[in-house]
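These notes are about the structure you will find just below.
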């Protein structure tokens, strides 16, 4: 049987890598890969490449610092989405709970799709990357 590549993680560019990593760490209940945690000893933060992992240590998301990044204008196509993430939750109650959590963490609502069969929201993270919260 042939071997196929495994998805290691999804990488997202951001001008504030630590800030965006913190957003997704809190939103998704992830933790930093050992060595990527914010420094606590006053040393300089090397936030050029940060990896977030789940409770088992499996890589889930990486954030890479870039100098400039035009914010997506979606749903207008002037500056396209470039990439977006889809997250699923088990119920409408959980959808609303996680939408409110995302807003409290700095997200903004781009589109309310709660009347669709696969109810959800399209939000933008603090760096402007669109992502979806959907019901399963």
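The values are calculated or read from the model by the stated rules, or taken from the named source; none is laboratory data. Here the structure is a predicted model, which is why all the values come from computation and not from measurement. Don't worry about glycine lacking a Cβ; one is built from the backbone with ideal geometry, like all the others, and counts go over all protein chains shown.
Mind checking which pairs have a first residue in the range 85-109 that is under 12 Å from residue 119 (Cα atoms) and a second that is assigned to a helix (DSSP H, G or I), Cβ under 7 Å, 6 or more apart or different chains?
Partner pairs satisfying both residue conditions: 89/95; 89/98.
Return the residue satisfying two criteria in turn: it lies in the range 14-35 and is in contact with a helix residue (DSSP H, G or I) (Cβ under 9 Å, 6 or more places away or on another chain) and crowded, with 19+ Cβ neighbours inside 10 Å, and of such residues it is nearest to residue 87 (Cα to Cα).
Ranking the candidates gives 27 first.
Give me the pairs: first residue in the range 18-35 and in contact (Cβ under 8 Å) with a residue 40 or more places away in the chain, second residue buried (at least 17 other Cβ atoms within 10 Å of the Cβ) and assigned to a helix (DSSP H, G or I), beta-carbon distance under 7 Å, and six or more apart or on different chains, which are they?
Qualifying pairs under 7 Å: 27/102.
So residue 80 fits all but one of (1) surrounded by 14 or more Cβ atoms within 10 Å (Cβ to Cβ); (2) closer than 18 Å to residue 108 by Cα; what number is the exception?
(1)
In the range 89-136, how many are outside any strand (DSSP E or B) and on the phi < 0 side of the Ramachandran plot? Even if it seems obvious, please write down each step before you answer.
At the first step, the residues of the range 89-136 found to be outside any strand (DSSP E or B) are 90-107, 114-119, 125-129, 136.
Cutting the leftovers down to on the phi < 0 side of the Ramachandran plot gives us 90-105, 107, 114-119, 125-127, 129, 136.
Number of matching residues: 28.
From the list 89, 109, which one is in the same structural domain as residue 131 (by TED's automatic domain parsing), closer than 19 Å to residue 131 by Cβ and surrounded by fewer than 15 Cβ atoms within 10 Å (Cβ to Cβ)?
On the way: 89 fails: surrounded by fewer than 15 Cβ atoms within 10 Å (Cβ to Cβ).
From the options 89, 109, the qualifying one is 109.
Being under 17 Å from the mean Cα position of the chain (by Cα) and modelled with pLDDT under 95 narrows it down to one residue among 129, 77; which is it?
Testing whether each residue is under 17 Å from the mean Cα position of the chain (by Cα) and modelled with pLDDT under 95 leaves just 129.
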